[in-house]
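Inspection log for the structure reproduced underneath, given as structure tokens.
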Amino acid sequence: VWSRRNAAELLAARGYSAAKADLVRRWFNGEFPPRQMPLILMRIGSAYYSHPSLPLVARELASGGWRTKMRPEAMIFAGRHLLDGWSVMDKLGQITAPTLILAGQDDFIFPPEHQRELAAAIPKARLRLIENAGHNPHAEQPAVVMQAITNFLSADGAGPDQADRAPRAAPGGGPAPPGRSVRHPGS
């Protein structure tokens, strides 16, 4: 819901053209004919990265990063009908596993303020914002992402991501059940 309502405005505030912001609005609301999907994606694709570059895209292509089969009709249907008002924010408190939320500092779809809301709503969540990364921090900063995951999965959890930890008490004051979950929006 957040990206549907706010992504275009956030891009405009970050200095992107009005035309690109409007394409993003249309993208997330399913307001385009199926044949325009590849063209729109090509025009807004650079917004997904903190520092878009041809070598970065080439590396992703070489590693199979863009192998997804895009179905324009499904994207349009979701934008028009499924995403309207859809949210799990009211259910996040039910998550009992320690959770790592990884996000790019420059993500326009789920920006840091949105990630902080997630971390505050999930008991025992840890937020790690990745600098110099957009929507796909695993592609732009793979070593930093791997270190954050390694730190999270380590026995003591010590590491640089401690600074981004969202302080909160366990629900009911009891210990969380074993197991960990890693969430990365956009994966």
Only residues in segment 4-32 that are in contact (Cβ under 8 Å) with a residue 12 or more places away in the chain and under 14 Å from Asp107 (Cβ atoms) count as the first member; pair them with residues that are among the aliphatic types (A, V, I, L, M) and not in a helix (DSSP H, G or I), Cβ under 6 angstrom, at least 6 apart or cross-chain, and list the lot. Ala7/Ile109
Would you call Arg43 modelled with pLDDT of 75 or more, basic (Lys, Arg), over 20 Å from Asn136 (Cβ atoms) and out of contact with any His (no Cβ under 6 Å at 6 or more places or on another chain)? no
Residue that is farthest from the chain's Cα centre (by Cα) [pool: residues in segment 102-134 that are hydrophobic (A, V, I, L, M, F, W, C) and in a loop (DSSP other than H, G, I, E, B)]: Ile122
Which listed residue is at pLDDT 75 or above, surrounded by fewer than 17 Cβ atoms within 10 Å (Cβ to Cβ), not hydroxyl-bearing (Ser, Thr, Tyr) and not in a helix (DSSP H, G or I), from Glu9, Glu31, Glu73: Glu31
Among the residues of segment 80-98, which ones are in a helix (DSSP H, G or I) and in contact with a Ser or Thr (Cβ under 7 Å, 6 or more places away or on another chain)? none
What is the number of the single condition among (1) without any contact (Cβ under 8 Å) to a residue 60 or more places away in the chain; (2) in contact with a strand residue (DSSP E or B) (Cβ under 8 Å, 6 or more places away or on another chain); (3) not polar (S, T, N, Q) that Leu102 does not meet? (1)
Within segment 138-154, how many residues turn out to be surrounded by 22 or more Cβ atoms within 10 Å (Cβ to Cβ) and modelled with pLDDT under 95? 1
Would you point out the residue of segment 76-92, among those that are among the charged types (D, E, K, R) and surrounded by fewer than 11 Cβ atoms within 10 Å (Cβ to Cβ), that is modelled with the lowest pLDDT? Asp90
Looking only at segment 34-58, filter to residues that are surrounded by fewer than 14 Cβ atoms within 10 Å (Cβ to Cβ) and touching a helix residue (DSSP H, G or I) at 6+ places or on another chain (Cβ under 6 Å); which one of those is nearest to Ala133 (Cα to Cα)? Pro52
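The values are calculated or read from the model by the stated rules, or taken from the named source; none is laboratory data. In this text the structure is predicted, and so the values were computed from the model without any measurement. Ideal geometry is used to build each Cβ from the backbone, glycine not excepted, and the neighbour counts take in all protein chains shown.
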